[in-house]
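Just so it is clear, none of the values below were taken in a lab; they were calculated from the coordinates. Since this is a predicted model, take the numbers as computed values, not measurements. Cβ: placed from backbone, ideal geometry, glycine included. Neighbour counts: every protein chain shown.
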Amino acid sequence: MSLFEILCSVLTEDGWNYETDVKNQIVRLEIRGVNASFYSFLIVDDEQESLLCNTHIKLRVPPLKHLEVCEFMNRVNYELANGNFEMDMEDGEIRFRTYLDLSGADPSKEQIQNLIWNAVQSFDNYYPGLIEIIYHDLTPEESIRFCDTQAANG
């Protein structure tokens, strides 16, 4: 079974609704978190024997907030063990990227689930901080403390 077929099989078995682009080996999921809705693109790379998960939100960061959001994401990324935030400086699109290097092995169901959920949970945890920077003028440091407080209380 190909990596793409394994991915689709796991998603089907777990009851996900998803769209596929078979030609480009991409699967698209829509996911509702606690704080926001996300869409994830799972990209199969047979040559590199890997799965890439790019998780996005619809919100675009206004140009005047790019530097503050970049600082926030850099501070968050420094503490993360798996995955990272990225922003397109042209249009303000933010994504969270996770990656699974398979090196000749088939992925387990748990690895695929973790690839997706790590991105969604990380994004969901820090989404309120992004909102605080964009709409309430908190500094990156204040926004991280805000996220930490919400996580401790939630």
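Find the centroid of the Cα atoms in segment 44-74 and in segment 100-154, then give the distance between the two in whole Å.
11
Say R0 is 30 Å: what FRET efficiency, to the nearest 0.05, do Ser37 and Ser2 get from their beta-carbon distance?
0.50
I need to check one value: relative contact order of the chain, counting alpha carbon pairs closer than 8 Å and at least 6 residues apart, in percent. The partial results should precede the final answer.
Numbers: 232 pairs, mean separation 32.4, N = 154.
It rounds to 21 percent for the chain.
Rounded to the nearest 0.05, what FRET efficiency do Glu13 and Asp46 have when you use their Cβ-Cβ distance and R0 = 22 Å? List each step's numbers first, then the result.
Numbers: r = 21 Å, r/R0 = 0.97.
Calculated transfer efficiency: 0.55.
Which residues in segment 2-42 have a backbone N closer than 19 Å to a point placed 7 Å from the Cα of His56 along the Cα-to-Cβ line?
So the set is 17-33, 36-42.
So for segment 3-153: antiparallel DSSP bridges make up what percent, rounded to the nearest 5?
DSSP beta bridges in segment 3-153 are roughly 100 percent antiparallel.
Between Lys109 and Glu142, what is the spin-label point distance in nm, taking each point 7 Å from the Cα along the Cα→C-beta axis?
Output for this residue pair reads 4.7 nm.
Can you list which of the GluC sites (Glu not before Pro) found in segment 17-48 are DSSP loop residues with at most 11 other C-beta atoms within 10 Å?
Passing sites in segment 17-48 are Glu47.
Suppose R0 equals 41 Å; then what is the FRET efficiency for Ala152 and Thr20 from their Cβ-Cβ distance, rounded to the nearest 0.05?
Plugging the Cβ-Cβ distance into 1/(1 + (r/R0)^6) gives 0.55.
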